[in-house]
Amino acid sequence: MIRFRRLLAGLLLFLGAGAAGAQGVLLDQGEIDAALLHGPWPPPRTGDPSNRVSGIPEAIELGRILFSSPALSSGGRLSCASCHDPDNGFTDGLETARSHVGRLDRNTQGLFNLAGMRWFGWDGRSDSLWAQSLLPIIRSDEMALDVGQIADALQDGPLRERYEGLFGPADSQAPDRNLANVGKALAAYIETITTGKTPFDRFRDALEAGDLEAAAAYPEDAQRGFRIFAGKGKCTFCHVGPLFSNSEFHDAGVPYFVEPTRVDTGRHGGIEALLGSRFTLRGAFSDDPAKTGAWKVERLVRSHDDFGTFRTPSLRELTRTAPYMHNGSLATLRDVVNHYSTIDLERMHTDGEAILEPLDLSERETADLVAFLESLSTR
Ligand code: HEC
Ligand code: HEC
């Protein structure tokens with residue numbers, strides 16, 4: 001059926017181009033096929049079997065309250081929302097995050113559409129959303145709460161009743177269990193932070209339906225930008241599928257020195273963290289009896305190539321999550337496109353990414369690629 005629809009779209013495209021000529025769909029059949037691979041959007045909702053409260057309304061509500069509650073931080077100084085501001089693309093707009101101890105090394109990630117990701121954090125230090133969600137609570141450079149204090153923190157007014165309703169009374173003898181439960185409620189909430197159809201999605205849907213009139217509403221500069229994205233830019237090598245991310249780790253040529261004498265080891269450190277973590281899909285806190293996904297950690301091997309690689313980010317909602325890259329070093333989407341256009345292969349720190357080479361884009365091509373990237377946002 002899909003195949004037939006594609007043929008039909010191709011045929012209509014051909015006829016349309018002959019008849020109308022003017023403003024229309026610029027893509028050829030190969031490019032249309034490539035566009036179809038970035039949808040449909042939104043993806044079907046799937047629960048998280050490792051999190052028994054995933055999708056449960058009471059857990060989503062508890063997670064929402066916890067997310068903006070300073071009770072989970074040492075001295076009541078910070079909440080998740082201090083850095084992940086819901087009114088600001090769930091980020092802070094800073095190059096790198098700031099907490100009571102000063103600046104962190106990395107850019108605060110927006111929290112959109114995380115349910116489909118395989119690894120979390122720029123370095124993929126967690127293999128589940130709940131494990132990633134509990135980390136900032138105990139990290140000394142983030143909310144810095146002593147894990148033993150979680151049970152006390154949960155006695156706080158509106159939290160207590162809701163927590164007990166879902167998980168039973170917080171047991172001060174089982175701090176890791178309390179922490180995992182809090183992570184699961186937070187994850188249940190974060191799973192609901194999803195975004196709707198973008199101009200690109202409407203274009204893609206129209207192409208799939210063979211509705212060229214509707215497809216032609218998508219601006220021509222964005223269409224030309226898509227051609228570069230899926231063509232000579234080779235961006236789809238990593239930014240694949242409906243999320244525009246393969247959820248894997250690469251060196252995109254962003255310097256990984258934090259200071260002249262200190263590097264951000266990226267995925268290398270992420271693997272170390274995963275191998276030492278008690279909060280993984282293979283561990284005791286996964287609620288999935290089948291331990292689905294445990295293989296991800298079991299198959300990990302330390303490799304030199306992981307140094308300075310970071311998870312391919314999704315490209316949805318970029319207009320709300322500047323600045324860009326793991327260290328927030330690029331302020332605008334134009335800066336990102338210029339980065340890929342003039343990428344310095346000498347600066348690449350791994351051997352693996354032979355795919356990237358300077359694109360030498362013209363001014364118009366640059367503007368087109370930016371227009372395409374902007375069309376992946378709902379506003
Ligand atoms: C001090 C600022 C700060 C606070 C507070 C904070 N975060 Fe973050 N968050 C970050 C930064 C920086 C990253 C990137 C982390 C990394 O790669 O090391 C991040 C990453 C994440 C991610 C991974 C997103 C992805 O795309 O994989 C999740 C989920 C997350 N935070 C949830 C939370 C939750 C839940 C809380 C509260 C319990 C919280 N954060 C508190 C700064 C913060
Ligand atoms: C080899 C895989 C790969 C290719 C090819 C690739 N990217 Fe990326 N992209 C990444 C990775 C990895 C990052 C994060 C790098 C970092 O922070 O150090 C990234 C970051 C980005 C960001 C910033 C997103 C954010 O939230 O910070 C944008 C925008 C982007 N890429 C667009 C593109 C475009 C446009 C192309 C094609 C010209 C492209 N990418 C090609 C892997 C790739």
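Derivation of every value follows stated rules applied to the coordinates shown; laboratory data play no part. Predicted model only: the values in this text are computed from it and were never measured. Cβ coordinates were reconstructed from backbone atoms using ideal geometry, including for glycine residues, and neighbour counts include every protein chain displayed.
Tabulated results
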item	result
FRET E, pair L345, A290, Förster distance 35 Å, beta-carbon r, rounded to 0.05	0.20
Cα gyration tensor shape of segment 260-365, rounded if a/c is under 1.5, else prolate or oblate by comparing a/b with b/c	prolate
Estimated dipole of the chain in Debye, rounded to 20 [Cβ of Lys and Arg +1, of Asp and Glu -1, Cα centre]	660 debye
Rounded to the nearest 20 debye, dipole of segment 57-190 from Cβ charges on Lys, Arg, Asp, Glu	180 debye
Tilt relative to the chain, helix 157-167 - C-alpha long axis, 0 to 90 degrees, to 10	80 degrees
Neighbour-count order for R227, R262, fewest beta carbons within 10 angstrom listed first	R262, R227
S74, S362 arranged by Cβ crowding within 10 Å, fewest neighbours leading	S362, S74
Percent antiparallel among DSSP beta bridges (both partners in the chain, rounded to 5)	90 percent
Quarter of the Cα convex hull surface for the chain, i.e. its orientation-mean projected area (nm²)	20.1 nm²
Reachable aspartates and glutamates, given that their alpha-carbon falls under 13 Å from the alpha-carbon of K296 and they are not under 8 places away in the same chain	D127, E248
Residues T198, T108 arranged by fewest to most Cβ contacts within 10 Å	T198, T108
Theoretical gain in end-to-end length, S172 to R334 [0.36 nm per residue, Cα-Cα removed]	53.2 nm
Summed residue charge, Cβ within 13 Å of G47's Cβ, Lys/Arg positive, Asp/Glu negative	-1
Helical mean residue ellipticity (222 nm; -39500 (n - 2.57) per DSSP H run of 4+; nearest 500) of the chain	-11000 deg cm²/dmol
Cα long-axis angle, helix 2-19 against the chain (0 to 90 degrees, to the nearest 10)	40 degrees
